[in-house]
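Some notes on the structure that comes next.
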Amino acid sequence: MITLAFELSASPASLALAQNETILAQCAWQTDTTGGRDLFSRLDGLLERAGVGPEKIERYAVGLGPGSYSGLRMALAAARAMALPGKQPLYGLPSPLLAARELTRTHSFPSIALVGDARRQRCWLARFACRQPGEPVMDGPIRLASWPELPDHLQGMAAVATPHWPALAPRLKSSAPATAHVWEEPAVPSAATACLLAPRLGQEDRPDAPLAPLYLHPPPPYAHAR
């Protein structure tokens, strides 16, 4: 089965195409505040390199964030538009889960926390328990916290990482427990991981429970302006 995945929650953004457990093609690129404005040119190139036409794609996956407001909206809109004509399944996965999966695949941590900048003087936090190597399990929902609250939320964590390194380096180093390993490079989710996890861990988009980006904050007023 051929899967196309979008992950535009952080920079670098990425796309990936897989057939069952084999990645056929993938690409990643640095983005700015506009999200993935060159998404479709990248997508065309990806499909061309893999020799796969859009009609061959059998399911879709998308990272749901938290992350870039524009990137998340664009990724989900593109995936829905492509999946709709043939009614192929579309799966959404929390972006911190994708990043945690990649980290624990190559490093052994009993627990790990992913932290990101949620703006408005707050951070988002996702905690994971790693009962088996490469198999992080989310410990509760992704939560929103003020920066002064972060040290309390990180208690007991064996490792701490962020997609926003080095911008958040001082905050993480001062907030993490003394015994925790602070991952000193960006922990960015990838579309390739979304491809492989979608049918097993993803939430499927259905009319009775449509997928939505994990914004955490309410959308800004201008998002509804006409």
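Put simply, of Ala158, Ala180, Ala209, Ala194 the only residue that is more than 20 Å from Ala118 (Cα to Cα) and surrounded by fewer than 13 Cβ atoms within 10 Å (Cβ to Cβ) is Ala209. If you go through the stretch 66-89 and keep only what is out of contact with any Gly (no Cβ under 8 Å at 6 or more places or on another chain) and either within 26 Å of Pro163 (Cα to Cα) or not assigned by TED's automatic domain parsing to the domain that holds Thr193 (or both), you end up with Ala77, Ala78, Ala79, Arg80.
Within the option set Pro148, Pro170, Pro189, being touching a Ser or Thr at 6+ places or on another chain (Cβ under 7 Å) and not hydrophobic (A, V, I, L, M, F, W, C) holds for one residue only, Pro189. Take Gly92 and decide whether it is surrounded by 14 or more Cβ atoms within 10 Å (Cβ to Cβ), farther than 24 Å from Pro166 by Cβ and not hydroxyl-bearing (Ser, Thr, Tyr). Yes: the conditions hold for Gly92.
In this structure, does Ala16 turn out to be within 13 Å of Ala191 (Cα to Cα), under 16 Å from the mean Cα position of the chain (by Cα), assigned to a helix (DSSP H, G or I) and at pLDDT 95 or above? No: the conditions fail for Ala16.
Applying the set (1) in contact with a helix residue (DSSP H, G or I) (Cβ under 8 Å, 6 or more places away or on another chain); (2) assigned to a helix (DSSP H, G or I); (3) in the same structural domain as Ala83 (by TED's automatic domain parsing) to Leu214 leaves exactly one unmet item: (2). Of everything in the stretch 113-140 that is assigned to a strand (DSSP E or B) and of a type outside the set (A, V, I, L, M, F, W, C), the residue that is nearest to Leu154 (Cα to Cα) is Arg127.
The values are calculated or read from the model by the stated rules, or taken from the named source; none is laboratory data. Just so we're clear, the structure is a prediction, and the values are computed from it rather than from any experiment. Glycine gets a Cβ as well: all are built from the backbone with ideal geometry, and neighbour counts include every protein chain shown.
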